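Novice: Structure below; questions to follow.
The values are calculated or read from the model by the stated rules, or taken from the named source; none is laboratory data. Note that the coordinates shown come from a computational prediction; the quantities given were computed from them, not determined experimentally. No Cβ is skipped: glycine too gets one built from the backbone with ideal geometry, and neighbour counts run over all protein chains shown.
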Ligand code: SF4
């Protein structure tokens, strides 16, 4: 499929909207009351520090809802207001946050059902409204919905669209896109659907494996088995790694994406020499500002003398996991939780480890004076952060703030 031509024709269709419906002011009050927090504003005003009793809270200087997420949620609310009686679907979670997704469902926006890992679009009828979430949807999904005559409301973050444009550029000049991301993540699924040839690497270790293959060759079968779910159909490592371009899932660890870019640049330099480099390597910066700011703020926060870190965000939120990784690398006891309900008591907290496992840790809250670092992923409303801070104050001081 000519994905670029399809995208262009979709954008000119009267059934397509990516700007909202002009009722921002009406939904703004609703959004503020549901997701904003006075306590968090107070902490921001106090230079991101708040002390109550034996607890000092240090908030990261950039955390929580990014503008791409705010925009997507606002457009979803506008859509419900604009189409009060129509059936409205969403192809996936609007953002990776359980409380926001629950609110969306309460507004009778339904998820497309999934049967054995496949979305069942047969439930969607002509004239239904379908929202595409902040991290986008695959071009094949867009095509199905367009062919059905649905009204498509596209909340894809412009930063994600920028990555799609990058892989389109690679495709145009017959470069393979090396995408730093998680092959199962909805954003990477969408990005790879716009790419021509592609290979998805999860981390620097996988990138190094590919770089070695480029330089020295290797076991083709092993390569194909290793990336079986993470490359384009018919990918041939002996043919398709001669010209590569870099792209990424916008929420990966910024430093790692940069290292991967440099690694492939050096690899191509070594293999083809400086005069040929531009014929074999293309790099674009596709890390979004919000991800970068949150990671930079976290890197600053972990330099403080913290007793523990609470990292708040959906368990399937990639950018939250990256924040947790930073705390883990510093050796700070840190707990990734999605809602206040994960804090069972001062003795017990249920949290997600970096390996994805949910575990319960006992005696997580130290006695005596403590400094607690707090951050939250780009999909987390301030209200959720407020609930968690209040709970910690409550457990430590015995009084609700
Ligand atoms: S994290 Fe970045 S790419 Fe993702 S929605 Fe927010 S601004 Fe957009």
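Novice: Which one of these is over 17 Å from the mean Cα position of the chain (by Cα) and surrounded by fewer than 16 Cβ atoms within 10 Å (Cβ to Cβ): 220, 243?
Specialist: Values: 243 fails: surrounded by fewer than 16 Cβ atoms within 10 Å (Cβ to Cβ).
Step by step, each of 220, 243 is checked, and only 220 is over 17 Å from the mean Cα position of the chain (by Cα) and surrounded by fewer than 16 Cβ atoms within 10 Å (Cβ to Cβ).
Novice: So, one more: Test residue 210 against the stated conditions and say whether it is within 16 Å of the ligand (Cβ to nearest atom), buried (at least 18 other Cβ atoms within 10 Å of the Cβ) and assigned to a helix (DSSP H, G or I).
Specialist: Details: within 16 Å of the ligand (Cβ to nearest atom): no; buried (at least 18 other Cβ atoms within 10 Å of the Cβ): yes; assigned to a helix (DSSP H, G or I): yes.
The answer is no for residue 210.
Novice: Would you call residue 324 modelled with pLDDT of 95 or more, crowded, with 22+ Cβ neighbours inside 10 Å and within 16 Å of the ligand (Cβ to nearest atom)?
Specialist: On the way: modelled with pLDDT of 95 or more: yes; crowded, with 22+ Cβ neighbours inside 10 Å: yes; within 16 Å of the ligand (Cβ to nearest atom): yes.
Yes; evaluated as a whole, the condition is true for this residue.
Novice: So which strands (runs of 3 or more DSSP E) are wholly in region 220-334 and hold at least 3 residues that are farther than 30 Å from residue 363 by Cβ?
Specialist: Details: elements: 244-248, 281-283, 308-312.
By residue number, 244-248, 281-283.
Novice: Those residues that are within 16 Å of the ligand (Cβ to nearest atom) and touching a helix residue (DSSP H, G or I) at 6+ places or on another chain (Cβ under 7 Å), I need them from region 257-299; list them, please.
Specialist: At the first step, the residues of region 257-299 found to be within 16 Å of the ligand (Cβ to nearest atom) are 257, 284-298.
Those that are within 16 Å of the ligand (Cβ to nearest atom) and touching a helix residue (DSSP H, G or I) at 6+ places or on another chain (Cβ under 7 Å): 284, 286, 287, 288, 290, 291, 292, 294, 295, 298.
Novice: Any chance region 174-184 includes a residue that's under 23 Å from residue 138 (Cα atoms), surrounded by fewer than 17 Cβ atoms within 10 Å (Cβ to Cβ), more than 16 Å from the ligand (Cβ to nearest atom) and modelled with pLDDT of 95 or more? Break it down stepwise before answering.
Specialist: Residues of region 174-184 under 23 Å from residue 138 (Cα atoms): 174-184.
When the remaining residues are screened for being surrounded by fewer than 17 Cβ atoms within 10 Å (Cβ to Cβ), the result is 174, 184.
Imposing the further condition that a residue be more than 16 Å from the ligand (Cβ to nearest atom) reduces the set to 174, 184.
Of the ones still in play, those that are also modelled with pLDDT of 95 or more are 174.
Yes, that holds for at least one residue.
Novice: Is it the case that some residue within region 332-350 is crowded, with 22+ Cβ neighbours inside 10 Å and either within 16 Å of the ligand (Cβ to nearest atom) or assigned by TED's automatic domain parsing to the domain that holds residue 203 (or both)?
Specialist: no
Novice: Restrict the check to region 45-61 and report whether at least one residue is farther than 30 Å from residue 369 by Cα, away from the ligand (no atom under 16 Å from the Cβ) and in contact with a helix residue (DSSP H, G or I) (Cβ under 6 Å, 6 or more places away or on another chain). Lay out the reasoning, then the answer.
Specialist: As a first pass, look at region 45-61 and keep what is farther than 30 Å from residue 369 by Cα: none.
Checking region 45-61: not a single residue is farther than 30 Å from residue 369 by Cα, away from the ligand (no atom under 16 Å from the Cβ) and in contact with a helix residue (DSSP H, G or I) (Cβ under 6 Å, 6 or more places away or on another chain).
Novice: Of everything in region 361-401, what is within 27 Å of residue 293 (Cα to Cα), part of a loop (DSSP other than H, G, I, E, B) and touching a strand residue (DSSP E or B) at 6+ places or on another chain (Cβ under 9 Å)? Give them in sequence order.
Specialist: 377, 380 - these are the residues of region 361-401 that are within 27 Å of residue 293 (Cα to Cα), part of a loop (DSSP other than H, G, I, E, B) and touching a strand residue (DSSP E or B) at 6+ places or on another chain (Cβ under 9 Å).
Novice: Take the residues in region 157-170 that are surrounded by fewer than 19 Cβ atoms within 10 Å (Cβ to Cβ) and more than 12 Å from the ligand (Cβ to nearest atom); name whichever of them is farthest from residue 379 (Cα to Cα). First the steps, then the outcome.
Specialist: Of region 157-170, the ones surrounded by fewer than 19 Cβ atoms within 10 Å (Cβ to Cβ) are 158, 161-162, 165, 168-169.
With the extra rule that they be more than 12 Å from the ligand (Cβ to nearest atom), the set shrinks to 165, 168-169.
Numbers: 165: 24, 168: 27, 169: 29 Å.
Step by step, filter region 157-170, then rank; the result is 169.
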